[in-house]
Amino acid sequence: MQRGSFQWMKSLNKSIILNEIRKNGPISRAQLAKDIKLTPPTVGSIVKELIEQGIVKESEQGTSQGGRKPTMLVINNEEFYIIGIDAGPSDLEFILSDLAGNIVTHVITEIELGITKEKFLSDLKQGITEILNKHSTIEEKIIGIGVAMHGVVDVDTGTSLFAPILNLRDIPIKEELEKEFNFTIKVENDARSLALAELWFGLDSDVSSMIAVNIGRGIGAGIIINGKLYRGENNIAGEIGHMTIDINGEKCQCGNNGCLQTVASGPAIIDKVKSELAKGTESMIGSLIDSDFPLSGELVHRAALQGDELAIKVLHDTGRFLGVGLTNLIHVFNPSKIIIGGGVSKAGNFILDPLKQTIAVSALTSETKGTVVVESKLGEHATAKGAVALLLVELFDVSNEEI
Ligand SMILES: [Zn+2]
């Protein structure tokens, strides 16, 4: 589906109708007209166009309230596709997904150390081309490409302003991809994309205030307020990895001292274990390391599962620091729920228990002490699914437009 068709589908009345069918389908034409307060002929003609386009299909017959049974309408989720990309900092993950989030194809490319902007862009293009070549018969049915990029992103221009771990600035992702591919392109920060994935594909679509926190090599948050992503004035809302936890702490990549990222990220866990092992602290971790299993967060987790005291302590401390960071967030935004994702979250209760205990001790009121904190249930490709959701939100969501 070319860029023009996407624009055509998201015209105001079509978006309203699509969204209503998505939320309440199977639904009859008559009920649609009643719900969205458009005349039956208007609804009828727009539905006819949407059916011709293939995005809406007729489903089983509904219950009759006297007379002929009405034909029900549903979104044709399996008929259209979106390419979603989780971009960095370690690899580029490409998925082809249908509108319901079912993954058809998955491709992964490692990002080489010291990558240039040009190479980064050409790797992106190559991955997309690989998916398009594999699925050339359905190219017409791809409605767009979403990119979930680590670091600070200008969503209006689709530019990566600063990708700290790759140490790259001002990558014109949207502009370059639009030159190469005739699809609608959306670019967003990865943690915010993860938050959208939770909102769209997770079990919590009715949660209006929620924060999704991605804890991996870096730490970032996607903040949802009143069902909408909050980006802030200059696109840096949610950069909680650079929230200062200890002004006398270690130097961070950003130049400040004692950022949350320096005490609670994947690399911070590894650094702490390394320095304890160097001091001679007793642990089985040393014996687990070999050429196949270098020191990693996963290995520390394995040691913790076997009862290793050092591993358990390091994960516990990480959870406490995260708890301090999240308590700060609770005091600023007071969300109803916090969802934890990313590599570090795989350590599960070794991290979650001390994290929750810290919030229970430090948050100001009894309600906020019990703020719900849960692991993401979206699995391995959560952020790439968030990149898919960037297009879905645009296609279905009408609340940003004037009605
Ligand atoms: Zn920092």
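Brief remarks follow.
- DSSP bridge pairs, the chain: antiparallel proportion in percent, nearest 5: 65
- Evaluating kT/(6 pi eta Rh) at 20 °C and 1.002 mPa s, with the Kirkwood radius of the range 203-375 over Cα pairs in the Stokes-Einstein relation, gives 129 µm² s⁻¹.
- Calculated on alpha-carbon atoms, Rg and Dmax of the range 118-275 in Å: 17.5, 58
- In straight-distance terms, cross-link reach from Lys119 covers every one of the aspartates and glutamates whose alpha-carbon lies under 19 Å from its own, apart from those fewer than eight places away in the same chain; here that gives Asp86, Asp91, Glu93, Glu110, Glu130, Asp170, Glu175, Glu176, Glu178, Glu180.
- Probe 1.4 Å - accessible area at Leu277, Å² to nearest ten: 50
- Distance distribution note for the range 27-158: the fraction of Cα pairs above 23 angstrom is 51%.
- Cα Rg, Dmax (largest Cα-Cα span) when computed across the chain, Å: 23.2, 83
- Dividing the mean sequence gap of close Cα pairs (under 8 Å, 6+ apart) by how many residues the range 3-78 holds gives a relative contact order of 32 percent.
- Solvent-accessible surface of protein heavy atoms, probed at 1.4 angstrom with all chains present, puts Glu112, Glu79 in the order Glu112, Glu79, largest first.
- Taking the helices alone, the chain has a mean residue ellipticity at 222 nm of -13000 deg cm²/dmol, built from -39,500 (n - 2.57) per DSSP H run of at least 4 residues and averaged over all its residues.
- Along the axis of the charge dipole computed for the range 203-375 (Cβ charges of +1 for Lys and Arg, -1 for Asp and Glu, origin at the Cα centre), the listed residues Phe321, Ala303, Ser275 are led at the positive end by Phe321.
- For the chain, the solvent-accessible area with a 1.4 angstrom probe is 47 square angstrom per residue.
- Which listed pairs, of Lys141/Lys228; Lys14/Lys141; Lys117/Lys186; Lys48/Lys134, have C-alpha distances above 20 Å, in listed order: Lys141/Lys228; Lys48/Lys134
- When only the Cβ of Lys, Arg, Asp and Glu is charged (+1, +1, -1, -1), the dipole of the range 203-375 relative to its Cα centre reaches about 300 debye.
- Accessible surface of the chain [probe 1.4 Å, protein heavy atoms]: carbon and sulfur percent: 48
- Each Lys and Arg Cβ is given +1 and each Asp and Glu Cβ -1; about its Cα centre, the range 3-78 then shows a dipole of about 180 debye.
- Selection from Leu12, His106, Gln357, by position along the positive dipole direction of the chain (Cβ): Leu12
- Put simply, the amide H of Tyr81, placed in the peptide plane, has neighbours under 5 Å in Ile142, Ile143, leaving out anything fewer than 5 places away on its chain.
- Total charge dipole magnitude, the range 266-333, about the Cα centre, Cβ charges on Lys, Arg, Asp, Glu only, Debye to nearest 20: 260
- Reachable lysines from Lys377, criterion Cα separation under 19 angstrom, eight or more residues apart if same chain: Lys337, Lys346, Lys356, Lys385
- For Lys125, solvent-accessible area (1.4 Å; no DNA, RNA or ligand), Å²: 40
- Note on the range 287-362: the alpha carbon radius of gyration divided by the globular reference 2.2 N^0.38 Å gives 1.23.
- Protection proxy ranking, highest mean first, for peptides 18-24, 342-348, 211-217: 211-217, 342-348, 18-24, where packing is the per-residue count of other beta-carbon atoms within 10 Å, averaged.
- Scanning residues 5 or more positions from Met149 or on other chains, those with amide H under 5 Å from its amide H are Ala87, Glu188, Asn189, Asp190, with H placed 1.01 Å from N in the peptide plane.
- Considering only the range 203-375, percent of DSSP beta bridges that pair antiparallel, nearest 5: 55
- Whichever lysines have a C-alpha closer than 16 Å to that of Lys274, once near sequence neighbours (fewer than 8 apart) are set aside: Lys313
- Cα-based convex hull, the range 82-165, per residue volume (Å³, whole number): 101
- All-pairs alpha carbon distance profile, the range 342-397, 10 Å steps from 0, percent: 20, 32, 27, 20, 1
- Surface accessible to a 1.4 Å probe, Phe396 within the full protein complex, Å²: 10
- Note on exposure: Lys57, Lys14, Lys34 ranked by accessible area (1.4 Å probe, complete protein assembly) read Lys34, Lys57, Lys14, with the most exposed listed first.
The values are calculated or read from the model by the stated rules, or taken from the named source; none is laboratory data. Quick caveat: nothing in here was measured; it's all calculated off a predicted structure. Glycine gets a Cβ as well: all are built from the backbone with ideal geometry, and neighbour counts include every protein chain shown. These area figures cover heavy atoms from the full protein model, side chains too; ligands, DNA and RNA do not enter into them. Shrake-Rupley method; radii C 1.70, N 1.55, O 1.52, S 1.80 Å.
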